[in-house]
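Below is one structure, written out as structure tokens; the observations come after it.
The values are calculated or read from the model by the stated rules, or taken from the named source; none is laboratory data. Computed from a predicted model, the values in this text were never measured in an experiment. Cβ: placed from backbone, ideal geometry, glycine included. Neighbour counts: every protein chain shown. These accessible areas exclude ligands, DNA and RNA; they are computed on the full protein's heavy atoms, side chains included. Shrake-Rupley method; radii C 1.70, N 1.55, O 1.52, S 1.80 Å.
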Protein chains: 2
Amino acid sequence: MNIGEAARRSGVSAKTIRYYESIGLIPAAGRTNAGYRAYTANEVETLRFVQRARSLGFSVDDVAGLLGLWRDRSRASADVKAIALNHVAAIERKIAELDSIRRTLIDLTNRCCGDDHPDCPILETLAQTDR
Amino acid sequence: MNIGEAARRSGVSAKTIRYYESIGLIPAAGRTNAGYRAYTANEVETLRFVQRARSLGFSVDDVAGLLGLWRDRSRASADVKAIALNHVAAIERKIAELDSIRRTLIDLTNRCCGDDHPDCPILETLAQTDR
DNA sequence: ACTTGGGCTTCCAGTCGCTGGAAGGTCAAG
DNA sequence: CTTGACCTTCCAGCGACTGGAAGCCCAAGT
């Protein structure tokens, strides 16, 4: 199967598949006589795995780790869980940061009447000289 | 005042100040005879404004808009509020996305016993062939 | 007078994870 | 035999910096 078909079946764009190959996330695909990449159903499964992991926000590095564990029949599930829990922790930190920003902005926008006058607590806060 | 001092007072690194100048976010600073950038207290205030806006997650483009409105005495606070509300909406979308991922991962990690056995619902989910 | 150490300058490259586009080869159908 | 849809490689750019090299400037200490 050509790269376009593999892309359609895996949900990873052809461009991105080539990129993943170039950085070594997935092994280089075989080639036809004409030099076209040829994919097996198995390789498409790997791409789907990568796609799902990426869509859960795992970094490409994490995905490499997860792929390695996936292929390792003698893995310890604890290793997988550790990667996932680290990721959850990072997500929770990010959410907390965004929520703090969100609350600040909501407060500022509530206090800004938002009409055609120049007075604006948002700008005043950003411009605050004291600290 | 030299760039290092301006960096210390504004909380924006010297490197980043030069970068902001290079992309036109802030006007080019004056120069001493030796070619060193020279900053006034006013310019440091501008840098602090930028720093605060960036720390609230506004994009550099948004900051350019906010700076323009800040300098415009005849601005309408509605324009400022619009930028802020757009940003809040983007943050809320991001939080919702992260939270959905978080819930999925929490569920998966709860179901993974995390011991030295290979069985792992996390990998099984990522590898799912159906759908 | 000279050295030392810090600060300043520019410019290029790298980060992360792609994505777009140019230039050109291949293939199947009409 | 042409069209158009595929495929190939390679280079460049996104956002927002950050690191590092190479070289100039300046103030303080000996």
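For the reader, a short list of remarks on this structure follows.
- Selection status of A:Asn110, at pLDDT 95 or above, of a type in the set (S, T, N, Q) and either in contact with a Pro (Cβ under 6 Å, 6 or more places away or on another chain) or closer than 30 Å to B:Arg71 by Cα (or both): yes
- Within the range A:11-38, no residue that is within 14 Å of chain B (Cβ to nearest Cβ) sits with its Cβ atom under 7 Å from a residue that is within 8 Å of DNA strand D (Cβ to nearest atom) and open to solvent by less than 50 Å² (accessible area, probe 1.4 Å) at 6+ positions apart or across chains.
- Residue pairs whose Cβ atoms lie under 7 Å apart, separated by 6 or more positions or on different chains, with the first residue in the range A:82-111 and more than 8 Å from chain B (Cβ to nearest Cβ) and more than 25 Å from B:Ala76 (Cβ to Cβ) and the second open to solvent by less than 40 Å² (accessible area, probe 1.4 Å) and in a helix (DSSP H, G or I), are A:Ile83/A:Gly65; A:Ile83/A:Leu66.
- Only listed residue being surrounded by fewer than 17 Cβ atoms within 10 Å (Cβ to Cβ), at pLDDT 95 or above and more than 9 Å from every other protein chain (Cβ to nearest Cβ), chosen from B:Asp130, B:Asp61, B:Asp72: B:Asp61
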